[in-house]
Each structure stands twice: as structure tokens, then as C-alpha cells.
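The values are calculated or read from the model by the stated rules, or taken from the named source; none is laboratory data. Given the structure is predicted, the values throughout are model-derived calculations rather than measurements. Methodologically, a virtual Cβ is constructed for each residue, glycine included, from the backbone with ideal geometry; neighbour enumeration extends over all protein chains shown.
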Amino acid sequence: MENNFIIAGFGGQGVLLAGEVLANAFMLDDKNVTWYPSYGAEMRGGTVNCEIVMNDIEDVSSVNKAETDYIIALNQASFDRFLKKIKKGGWMIANSTLVKELKPRADINYIFAPVSALADKLGNVKMANILSLGVLAKISKLVSVETLEKALDVVIPAHRKHLLPLNIKALKIGYDYDMQIVNI
């Protein structure tokens, strides 16, 4: 079965890293996957998103689909921009630290988790991206925390390996966060 994911935010939030970790986790689980980054010319602060398409049975059909199953919106602009792309019954996972807790569509599920605030309490607000992957793992049940940990080890470059324990802690905090799921 094919599942589509969009992770979006502004430059500097680690959007592409989170997408790369998710794509690698699916590959470690022997799934077919495509990771497609998209970003503006700005170095920091501009809009950044990536699409991950995973299929556990056959080849991935394509990217840039009209609809997606899961969206992680790390800021308000991303929430507003990608809300319309969620399939009926799909999931919006929003960073409630930076996104207003509004539910403009009645046909999708919403998770509002304060991932930036939780990352800040952890000591590094830049861990919000990895915290959000923990939330996604819990909601989707398509990838385990253990596989995401292995993917972090694969993706994080050698000069940043000292941050691996903090990333793993962030992942687990996201997974263990007691979310109030707002169902359709």
C-alpha cells in the first residue's frame, strides 16, 4: 500500500533532514520510497518542504501528488499552504507552538503537539523536526521508533554524531507525548 507524506516548515527547522530520516527508515524496513525536497532560494527562513512516498508492495508511483496521507506542518504558513492537500481521512500533524489550533476541515484528523516548545525544554529547539517524527510514528504506525533511531544514525553526518543521543531522546519524547487526537 502506498502512503504519502509532506513535511513542511521554514528554512532552518530541519525539514529536509526529517524527510531524509523518514525515507531512510522506510528503506531500512525494505519499503520502496522516494524523497523529493523543495525549497526556495533563501538560505534561512524561506519555505521548505519535502515529500516522501512509501510503498510496501510495489514501486512508488510518483511524487507531487494532488493528495497526501500525512502532513507535518512546523509553522503556520505550511499549515495554511498544505491543508488542502490532505486526503479525506488523512492526518495534519501541526506544531502548536507556531500553528494556531484551528480545524478548518471536518474531513481530516488533526494532531496539535507543541514540538518546538518540547524541543526547547529538551535544550535545543532545532530538535522539533525529530520530535515531530516521533509523533508521526505513533500516529501512522508505519515505522517504529527503533527504525527511526537507526535511520538517524545513517543520516546524521560524522561531524554531528555527538547530537545523536539528543536526537534519539527527542524522537522518544515525540512518540511518548500524550496527544489529544481530534478525529473526524
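Take the conditions (1) touching a Phe, Trp or Tyr at 6+ places or on another chain (Cβ under 7 Å); (2) within 15 Å of ALA8 (Cα to Cα); (3) not hydrophobic (A, V, I, L, M, F, W, C); GLY134 misses just one of them, which is (2). Please indicate, with yes or no, whether at least one residue in the stretch 105-114 is in contact with a Leu (Cβ under 8 Å, 6 or more places away or on another chain), free of Cβ contacts under 8 Å to residues at least 24 places away in the same chain and within 26 Å of ASP178 (Cα to Cα). Yes, that holds for at least one residue. The single residue among VAL21, VAL15, VAL33, VAL53 that is over 25 Å from VAL99 (Cβ atoms) and crowded, with 17+ Cβ neighbours inside 10 Å turns out to be VAL33. The listed residues are ASN129, ASN124, and the only one of them that is out of contact with any Ser or Thr (no Cβ under 7 Å at 6 or more places or on another chain), surrounded by 14 or more Cβ atoms within 10 Å (Cβ to Cβ) and farther than 27 Å from ASN64 by Cα turns out to be ASN124. Can you tell me which condition VAL143 does not meet? The list is (1) in a helix (DSSP H, G or I); (2) surrounded by 17 or more Cβ atoms within 10 Å (Cβ to Cβ), and all the others hold. In the conditions (1) in a helix (DSSP H, G or I); (2) surrounded by 17 or more Cβ atoms within 10 Å (Cβ to Cβ), VAL143 misses (1) alone. Scanning the stretch 40-89 for residues that are more than 17 Å from ASN3 (Cβ to Cβ) and acidic (Asp, Glu), which turns out modelled with the highest pLDDT? Among them, the one singled out is ASP80. ILE111 falls short on exactly one of the conditions (1) hydrophobic (A, V, I, L, M, F, W, C); (2) crowded, with 16+ Cβ neighbours inside 10 Å; (3) part of a helix (DSSP H, G or I), and that condition is (3).
Kindly indicate which of LEU148, LEU136 is modelled with pLDDT of 95 or more, under 13 Å from the mean Cα position of the chain (by Cα), within 15 Å of ILE168 (Cβ to Cβ) and assigned to a helix (DSSP H, G or I).
LEU148
Filter the stretch 1-24 down to the residues that are in contact with a Lys or Arg (Cβ under 9 Å, 6 or more places away or on another chain) and in a helix (DSSP H, G or I) and list them by number. Listed by number, the list holds a single entry, ASN24.
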